[in-house]
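S.K.: Questions regarding the structure given below will be posed in turn.
The values are calculated or read from the model by the stated rules, or taken from the named source; none is laboratory data. In this text, all values refer to a predicted model and were calculated from it rather than measured experimentally. Please note: Cβ atoms are built from the backbone with ideal geometry, for glycine as well, and neighbour counts cover all protein chains shown. Surface accessibility is based on the protein's heavy atoms, side chains included, excluding ligands, DNA and RNA. Shrake-Rupley method; radii C 1.70, N 1.55, O 1.52, S 1.80 Å.
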Amino acid sequence: MMIDRIAVAIRPHFAAIGTLSTRDIPLQLLSGFCVCVIIAWKGYVLPAVLIMGWLVASELMVIRLFHRKTPFRHWTKDHLLLAALGLATINNIMYVLPALYMATDPSLAIKIAALLWVLGIQVYTVNIWSRHPVFLFALLVPSMTMTVMTVFEFSRTPPTGSTLTEWGITFGFVFLFIYATIDSLRHHLATERALFAAQAESARRLNQLEENQRLDPLTGLLNRPAFDAALHVMLTDRNLTGGEIAVVLIDLDNFKPINDTYSHEAGDRLLIETATRVRRRVADHGIVGRLGGDEFICAIHDLPDGDAAIDFAWDLDAAIKGPIQWNERTLKINASIGVAMTSEDRPALEDTVQSLCSAADQAMFAAKSSPNSNPVLFDAASFAPRMSPQDKQALIEALSTNAIQPFYQPKIHLPSGKIIGFEALARWRHPDGTLRQPDDFIAQINELGLQGDFMTLMASQVVDDVQALLDRGLDPGHVSFNVPEIALATLTGCQDLARIVKRHPDTAKHLTFEITEDVFIARAAEAIQSSIAAFRALGVRVSLDDFGTGFASFHHLSQLDFDELKIDTSFVAGLGQDPTSDVLVRGFLSIASGLGVSVIAEGVETESQSRDLINMGCVMAQGYLFSPAIPLDAAAAQLERQQAA
C-alpha cells in the first residue's frame with residue numbers, strides 16, 4: 001500500500017523529522033498571528049480566528065505527538081510519523097490560506113504582501129525539508145496550488161493605490177521574507193554541516209574499523225584475509241608486469257614454553273619484536289602478515305630465482321634468532337621457514353594464493369621436521385606429485401559421490417582372539433576399477449585444500465556405519481579414525497566434528513579419535529588441546545597414534561588427556577629381532593601403565609610378534625596377521641559370527 005511505502009521511507013528519519021517539526025513552532029505561530037491580524041484588519045475576522053485557532057491547536061498537537069504525550073504515548077513510530085505528515089500538510093495550507101484573502105483586497109501593497117507570504121513559505125519549506133522528500137513534496141504541492149490561486153485572484157481584482165500603512169505592512173513582509181529566508185537557510189546550512197560532520201565521523205570510524213579488521217591487533221601486521229587479498233593483487237600485477245613472487249611462511253619453534261615460562265607478556269613482546277624484524281627485512285619489497293599464534297607470512301616480489309628466495313629466508317632466520325631483551329632477561333627463539341615461488345615455467349593460473357600458501361606450508365613442515373631446521377624451498381618433485389586436471393576432477397567427484405569410503409581393520413584382544421574394535425581406513429574406489437590406498441590420494445587431497453571435506457566425509461560415514469551396526473544389535477567396540485590437525489585447530493573443524501557425533505549420540509562411546517603426537521608442537525597446540533577436551537566431554541575417546549615417531553617429549557604427555565596409546569608399526573616390526581625395539585616397546589607399555597591408558601600395537605604381521613606382545617603385557621593389537629581393512633558388510637559378518645559363537 002502507498003501508506004506503508006511512505007512509512008518505510010520516513011521511518012529511519014524519525015528523530016530528524018521530530019526536530020524539524022518542532023524547532024520553529026514559536027516563529028511559525030508568531031508569523032501566522034501577524035498575517036491573521038492583517039486579514040482581520042481587512043474585514044476577515046472569522047477566517048482569521050479560525051485559522052489561528054487551528055494553527056495553535058495543531059502545533060501543540062505536534063509537540064505532544066513527538067514527545068509521546070497522551071494520547072500518543074503508545075503509538076508506533078510509523079503512526080506518529082504519518083500523523084505528523086498529515087498535520088504538517090494541513091498546517092501548511094492553513095499558513096498559506098490568509099494570502100488568498102489578502103489577494104482579494106484591491107490594495108497593490110497588500111497583494112504584493114500576499115505574494116511575498118506564499119513565496120516565503122515555499123522558500124522556508126524547501127530549506128527545511130530538502131533532505132526529506134516525502135515531507136517536502138507533501139508540503140510543496142498544496143502551497144504551490146495556493147500560490148496559483150493567489151496569483152489568479154490578482155487578475156480578478158485590479159490593484160488600486162495603497163495607503164502608507166498598507167505599504168508599511170508590505171515592507172514588513174519584505175523584512176519577514178528576507179529574515180525567514182536567511183534564518184531557514186542558516187538552519188539548513190547548520191544541518192548540512194552537522195550532517196557532513198556526522199558522515200565524516202562515520203567514515204572515519206568505518207575506516208578505523210576496516211583497518212582494525214585488516215590488521216593483527218598485537219603486531220600491526222596484515223591478518224590472514226588482508227594478506228590473501230594483498231597477495232592476490234601482487235599475483236594479478238605479476239601477470240601484467242612479469243617477475244617472480246616468493247611466499248615465505250615462518251613458524252616460531254618452541255614459542256609455547258617461553259609463553260608458559262615467562263608469561264604471556266613475554267610471549268607478546270617476542271611476537272612484536274619478531275614482527276618488527278620481519279617487516280624491517282621485507283621493507284618495500286613485499287607484504288607481511290601474521291596468520292595467528294606464532295606464525296608469520298610474507299610475500300616478496302622480484303626475486304630472480306629459488307636460490308635468492310632461500311638466501312632471503314636465511315637472512316630472515318638470522319634476524320629472528322637475534323636475542324630479545326625482556327625484563328632484564330634475554331629471550332631467544334628459532335624458526336622453521338618454508339618458501340614457495342611462482343615460476344615462469346608454470347601457467348599463471350596455477351600460481352594462486354591458495355596454491356602458494358599451501359606449498360609454503362608444506363615446505364615449512366618439512367623444515368620443522370628436518371634435524372637442522374634449515375629453510376626449505378618447495379619443489380613439486382620432492383613433495384606430492386602434481387595432479388592432472390582429470391585426476392583433480394576425479395578426486396573432487398570421489399568426495400562428492402562417497403567413492404572414498406571407510407574400510408575397517410579389526411582390533412584384536414590378543415589372549416582371546418576376539419574383535420574388540422576397528423580402525424577406519426580410507427579406500428577410494430577409483431573409476432578405473434582399482435581400490436586405492438590412502439598413500440595414493442591423501443597428498444593430493446592436501447594439495448587441493450580438501451582436508452576439511454575429506455575429514456567430514458570420513459567422519460560422517462564412520463558415525464553412520466557405527467550406528468548401523470548398533471541398529472543390527474552388534475557391538476562394534478571402539479571404532480577409531482584419524483582426525484587431522486585442521487579439524488582440531490580450527491573452530492569450524494571442531495564444530496563440524498561435534499555436529500556429526502551429536503547426530504547419533506549413542507555412537508559417541510564407541511568412537512575413538514586418533515591424533516598424532518605432532519599436535520603437541522602444532523601451531524595451534526592450545527586450541528587443539530581445548531578441542532580434544534571438548535570431544536572427551538562428548539564421550540569420545542582419544543588415541544595418541546604413531547607414538548614415538550614424532551617430536552613429543554614426556555613433558556608433553558602430561559599436557560593432554562588421552563585414553564589410548566598406539567605403538568607404531570616400525571617398533572612392532574623389530575620385536576624379537578632388534579633389542580632396541582624390545583626395550584622401547586617395554587618402555588612404551590610402562591609409560592602407558594603409569595598414565596593409566598590402554599595400549600594397542602599396530603602392524604602385527606607374525607605369530608612371533610603377537611606372542612612377544614602378550615609376554616610384554618600388551619593385550620590389544622591390529623595388523624595383517626588378523627585381518628586387512630575390510631568393507632562394512634564384511635566387518636558386520638565377523639561380528640555376527642563372533643556374537644553367535
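S.K.: Would you be able to tell me the number of residues in region 235-275 that are among the basic types (Lys, Arg) and either within 20 Å of Asn223 (Cα to Cα) or free of Cβ contacts under 8 Å to residues at least 60 places away in the same chain (or both)?
M.R.: In the first step, residues of region 235-275 are kept if they are among the basic types (Lys, Arg); the result is 238, 256, 269.
Filter once more, so that each one left must be either within 20 Å of Asn223 (Cα to Cα) or free of Cβ contacts under 8 Å to residues at least 60 places away in the same chain (or both): 269.
Result for region 235-275: 1.
S.K.: Read through the list (1) more than 30 Å from Leu82 (Cβ to Cβ); (2) out of contact with any Ser or Thr (no Cβ under 8 Å at 6 or more places or on another chain), then give the number of the only condition that Val148 fails.
M.R.: Answer for Val148: the failing condition is (1).
S.K.: Mind checking which pairs have a first residue in region 482-510 that is in contact (Cβ under 8 Å) with a residue 24 or more places away in the chain and a second that is polar (S, T, N, Q) and open to solvent by less than 20 Å² (accessible area, probe 1.4 Å), Cβ under 6 Å, 6 or more apart or different chains?
M.R.: So the pair list comes out as Leu488/Ser531; Cys494/Ser531.
S.K.: Within region 10-29, can you find the residues that are over 15 Å from Leu65 (Cα atoms), of a type in the set (A, V, I, L, M, F, W, C) and at pLDDT 85 or above?
M.R.: Within region 10-29, Leu29 is the sole residue that qualifies.
S.K.: Still on this model: Taking the criterion of being of a type in the set (Lys, Arg), open to solvent by 50 Å² or more (accessible area, probe 1.4 Å) and not in a loop (DSSP other than H, G, I, E, B), would at least one residue in region 337-350 satisfy it? Write out each step before concluding.
M.R.: Within region 337-350, the subset of a type in the set (Lys, Arg) is 346.
Filter again for open to solvent by 50 Å² or more (accessible area, probe 1.4 Å), leaving 346.
Filter once more, keeping what is not in a loop (DSSP other than H, G, I, E, B): none.
No: zero hits.
S.K.: Next question, about the same structure. Given Ala318, Ala340, which one is more than 27 Å from Gln451 (Cβ to Cβ) and among the aliphatic types (A, V, I, L, M)? Even if it seems obvious, please write down each step before you answer.
M.R.: Numbers: Ala340 fails: more than 27 Å from Gln451 (Cβ to Cβ).
Testing whether each residue is more than 27 Å from Gln451 (Cβ to Cβ) and among the aliphatic types (A, V, I, L, M) leaves just Ala318.
S.K.: Within region 493-515, count every residue that is over 29 Å from the mean Cα position of the chain (by Cα) and under 13 Å from Ala534 (Cβ atoms).
M.R.: Here the count works out to 1.
S.K.: Only residues that are in a helix (DSSP H, G or I) and either polar (S, T, N, Q) or surrounded by 17 or more Cβ atoms within 10 Å (Cβ to Cβ) (or both): list them for region 421-452, please. Before you say what the answer is, go through the steps one by one.
M.R.: Pass one, region 421-452, residues in a helix (DSSP H, G or I): 438-440, 442-447, 451-452.
Within region 421-452, Ile442, Gln444, Ile445, Asn446, Glu447, Gln451 meet the criteria.
S.K.: Any residue in region 442-466 that is on the phi > 0 side of the Ramachandran plot sitting within a Cβ distance under 7 Å of a residue that is open to solvent by 20 Å² or more (accessible area, probe 1.4 Å)? List the pairs, counting only those 6 or more apart or interchain.
M.R.: Gly449/Gln354; Gly449/Ser358
S.K.: Shifting gears a bit: Here are some residues: Ile250, Ile310, Ile272, Ile287. Which one is open to solvent by 10 Å² or more (accessible area, probe 1.4 Å) and not in a helix (DSSP H, G or I)? Please lay out each step first, then the result.
M.R.: On the way: Ile250 fails: open to solvent by 10 Å² or more (accessible area, probe 1.4 Å); Ile310 fails: not in a helix (DSSP H, G or I); Ile272 fails: not in a helix (DSSP H, G or I).
Criteria check complete, one pass: Ile287.
S.K.: While we're on this one: Note down all Cβ pairs under 9 Å where the first residue falls in region 404-426 and is among the polar types (S, T, N, Q), the second is part of a loop (DSSP other than H, G, I, E, B) and crowded, with 23+ Cβ neighbours inside 10 Å, and they're at least six residues apart or on different chains.
M.R.: Listed pairs, sorted by first residue: Gln409/Gln622.
S.K.: Assess whether Arg586 counts as being closer than 17 Å to Asp568 by Cα, surrounded by fewer than 21 Cβ atoms within 10 Å (Cβ to Cβ) and among the charged types (D, E, K, R). Steps first, answer last, please.
M.R.: On the way: closer than 17 Å to Asp568 by Cα: yes; surrounded by fewer than 21 Cβ atoms within 10 Å (Cβ to Cβ): yes; among the charged types (D, E, K, R): yes.
Criteria met by Arg586.
S.K.: With region 1-119 as the region, which helices (runs of 4 or more DSSP H) entirely inside it contain at least 1 residues that are free of Cβ contacts under 8 Å to residues at least 12 places away in the same chain, among the polar types (S, T, N, Q) and surrounded by 14 or more Cβ atoms within 10 Å (Cβ to Cβ)?
M.R.: Those helices (runs of 4 or more DSSP H) do not exist here; none qualify.
S.K.: While we're looking at this one, here's another question. Please verify whether region 222-243 includes one or more residues that are in contact with a helix residue (DSSP H, G or I) (Cβ under 9 Å, 6 or more places away or on another chain), outside any helix (DSSP H, G or I) and surrounded by 15 or more Cβ atoms within 10 Å (Cβ to Cβ).
M.R.: Checked region 222-243: at least one residue is in contact with a helix residue (DSSP H, G or I) (Cβ under 9 Å, 6 or more places away or on another chain), outside any helix (DSSP H, G or I) and surrounded by 15 or more Cβ atoms within 10 Å (Cβ to Cβ).
S.K.: Just the residues that are at pLDDT below 90, crowded, with 19+ Cβ neighbours inside 10 Å and not acidic (Asp, Glu), please, taken from region 294-307.
M.R.: Leu303
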